[in-house]
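Engineer: Pasting a structure below so you can have a look.
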Amino acid sequence: MKGTFPVTKFRKLETPFYYYDVNVLRETLSCINKEAGKYNNFCVHYAIKANANHKILTIIRESGLGADCVSGGEIRAAIKAGFPANKIVYAGVGKTDREINLGLDYDIFCFNVESVPELEIINELAAAKGKTARVAFRINPNVGAHTHANITTGLAENKFGISMEDMDKVIDMAETLAHVKFVGLHFHIGSQILDMGDFVALCNRINELQEKLYARQIIVEHINVGGGLGIDYTHPNRQAIPNFAEYFATYHKHLKLRPQQTLHFELGRAVVGQCGSLISKVIYIKQGTNKQFAILDAGMTDLIRPALYQAYHKIENITSEEPIETYDVVGPICESSDVFGKAIDLNKAHRGDLFALRSAGAYGEIMASAYNCRALPEGYTSEELA
Ligand code: LLP
């Protein structure tokens, strides 16, 4: 089954562009609020890195989610879209002084600290402003996730976080610093995770760590388990909304929270992935020796995930109902990895046809580049085109 698209409207627009179905986005958000809302101590942040399009951010902010940022630029984008500063968390291994100062100036909810030197600098910069920064420690739980090697983050060999062995030392240190307040623990094991067992493994590890802290009479205000819930790239229509019920229930069942503790989430892909498609025009159909190529006006500069992670995005010819033929679907960039899919069955394609690359709402538009001096793709919502 193909997606439904306003093709006549598309014909009037310059391709390639991102198209966001805001009905899908709103349904996803209300499902998140309904399912997380079953537990009175769950608090969901949207991971801005997945998509920082202002129109999308505004809709997400209206739904009440907080914001998870990884740079000063993302903090600014969140503020501009109206996210309240006390719902902004800020992570990242290499926060610069300028970025930390920005977070301090806005009095953001929490800095997720990833190293000892960073903790010292936050303390120093907060002192200079006469402020106290709220900090959580990002602990590397050494839990693997069944996903692509480039997007697992929770293994000991990754650059992220503070090792479990160093946790006590860092907490001791925080207690000696007057301008930081230790309020939480932060984790994130990877992205595009569909096996709930991976999240259970994280819960078990957090339970162990909480026991250790409890023995020291430490109870943090909040636990942040990061994001990572995956989406169904193969069947974007069959499962447009990820299984949030199962996801939140998994944490509710397996994570032992202390009374008063809140549980924070930072979901990116699961929020915006399925609402977006990259719409592109066929420039040429080229016959190769043993195959035919559909050459698009979109390339890896518009959607880099297939080239970078061998990621699969379902491709549809949304302007043809002719019998199926097989194509290698490629972009115009001077790189042999500029391929969206090989041996893809599509309705027979002609020059000028429009293709949709589905499930591209997350890590699509935001990862676009200007390589080959190309223009960055526009992003339109279904409401704008209605
Ligand atoms: N929190 C932290 C600390 C993260 O590092 C990430 C993603 C998230 C939350 C959001 O994860 P999500 O819910 O979206 O899985 N560009 C890659 C994905 C990189 C993810 C980086 N971290 C891709 O296109 O697959």
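Engineer: Excluding Ile59 itself, what net charge comes from residues whose Cβ is under 15 Å from its Cβ, given Lys and Arg +1 and Asp and Glu -1?
Structural biologist: Values: positive: Arg26, Lys55, Arg61, Lys80; negative: Asp21, Glu27, Glu62, Glu365, Glu383, Glu384.
With Lys, Arg at +1 and Asp, Glu at -1, the net is -2.
Engineer: OK, next. Show me the trypsin sites (Lys or Arg not before Pro) within segment 187-240 that DSSP assigns to loop and that have at most 11 other Cβ atoms within 10 Å of their Cβ.
Structural biologist: Here the sparse-neighbourhood loop sites are Arg216, Arg238.
Engineer: When all protein chains stay in place, what accessible area (Å², nearest 10, 1.4 Å probe) is found for Phe340?
Structural biologist: So the heavy atoms of Phe340 present about 10 Å² to solvent.
Engineer: Given a 1.4 Å probe and every protein chain left where it sits, what share in percent of the accessible area of the chain is carbon and sulfur?
Structural biologist: Details: 8430 of 16420 Å².
Reported share for carbon and sulfur atoms: 51 percent.
Engineer: Let me ask something additional. Shape of segment 22-272 from its Cα gyration tensor (a ≥ b ≥ c, root eigenvalues): rounded if a/c is under 1.5, otherwise prolate when a/b > b/c, or oblate? Could you put the intermediate results ahead of the total?
Structural biologist: Details: a/c = 1.71, a/b = 1.25, b/c = 1.37.
Oblate, since a/c reaches 1.5 and b/c is not below a/b.
Engineer: As a test of reading the structure, rank Cys43, Cys334 by solvent-accessible area (1.4 Å probe, protein chains only), most first. Don't jump to the answer; show the numbers that get you there.
Structural biologist: Values: Cys43 45, Cys334 105 Å².
Ranked list, largest accessible area first: Cys334, Cys43.
Engineer: While we're looking at this one, here's another question. What does the charge count around Ala368 come to, taking other residues whose C-beta lies under 14 Å from its C-beta (Lys +1, Arg +1, Asp -1, Glu -1)? Intermediate values should be presented prior to the final figure.
Structural biologist: Values: positive: Lys49, Arg305, Arg374; negative: Asp297, Asp302, Asp338, Glu365, Glu378.
Value of the local net charge: -2.
Engineer: So what's the angle, to the nearest 10 degrees on a 0 to 90 scale, between helix 244-254 and the longest Cα principal axis of the chain?
Structural biologist: Result, in degrees: 30.
Engineer: Something else about it: Checking the cross-link filter: which aspartates and glutamates have an alpha carbon closer than 15 Å to that of Lys159, excluding same-chain neighbours under 8 positions apart?
Structural biologist: Candidates past the 8-residue exclusion: Glu114, Glu118.
Engineer: Report Tyr371's accessible area, 1.4 Å probe, all protein chains in place, as a number in Å² to the nearest 10.
Structural biologist: 100 Å²
Engineer: Students sometimes get this wrong: rank Ser163, Ser277 by accessible area, probe 1.4 Å, all chains present, largest first. Before the final figure, lay out the partial values.
Structural biologist: Numbers: Ser163 40, Ser277 5 Å².
Of Ser163, Ser277, the descending order of accessible area is Ser163, Ser277.
Engineer: Calculate how steeply helix 196-215 sits against the longest principal axis of the alpha-carbon atoms of the chain, using the helix alpha-carbon long axis, and give the answer as 0 to 90 degrees to the nearest 10.
Structural biologist: It is inclined by approximately 10 degrees.
Engineer: Would segment 247-328 count as rounded, prolate or oblate if I go by the C-alpha gyration tensor, calling it rounded below 1.5 in a/c and otherwise prolate when a/b exceeds b/c, oblate otherwise? Let's see the in-between values first.
Structural biologist: On the way: a/c = 3.47, a/b = 3.21, b/c = 1.08.
Since a/c reaches 1.5 and a/b is larger than b/c, the shape of segment 247-328 is classed as prolate.
Engineer: State to the nearest 20 debye the size of the charge dipole of segment 73-218 about its Cα centre, where the only charges are +1 on K and R beta carbons and -1 on D and E beta carbons.
Structural biologist: Numbers: 15 positive and 19 negative charges, 105 e Å.
For this selection, approximately 500 debye.
Engineer: Write out the GluC sites (Glu not before Pro) in segment 14-78 meeting two conditions: DSSP loop, and at most 10 other Cβ atoms within 10 Å of their Cβ. Mind dumping the intermediate values first?
Structural biologist: Numbers: sites: Glu14, Glu27, Glu35, Glu62, Glu74; in loops: Glu14.
Listed in order of number, the matching sites are Glu14.
Engineer: Turning to a different aspect of this structure: Any of Lys95/Lys256; Lys12/Lys80; Lys281/Lys348 with alpha carbons more than 22 Å apart? Name them for me. Can you show the working numbers first?
Structural biologist: Values: Lys95/Lys256 31 Å; Lys12/Lys80 30 Å; Lys281/Lys348 14 Å.
Pairs exceeding 22 Å: Lys95/Lys256; Lys12/Lys80.
Engineer: A follow-up question, please. Excluding ligands and nucleic acids, what accessible area in Å² is computed for Arg61 using a 1.4 Å probe, to the nearest 10?
Structural biologist: Counting only protein heavy atoms, the figure is 80 Å².
Engineer: Further, regarding this structure: Using only the Cα atoms of segment 314-386, build the gyration tensor, take square roots of its eigenvalues as a ≥ b ≥ c, and label the shape rounded, prolate or oblate: rounded if a/c is under 1.5, else prolate if a/b is larger than b/c, else oblate.
Structural biologist: Details: a/c = 2.00, a/b = 1.20, b/c = 1.66.
The shape class here is oblate.
The values are calculated or read from the model by the stated rules, or taken from the named source; none is laboratory data. Bear in mind that the values here come from a model prediction, so they are computed numbers and not experimental data. Cβ: placed from backbone, ideal geometry, glycine included. Neighbour counts: every protein chain shown. What goes into the accessible areas is simple: the full protein's heavy atoms, side chains included, and nothing from ligands, DNA or RNA. Shrake-Rupley method; radii C 1.70, N 1.55, O 1.52, S 1.80 Å.
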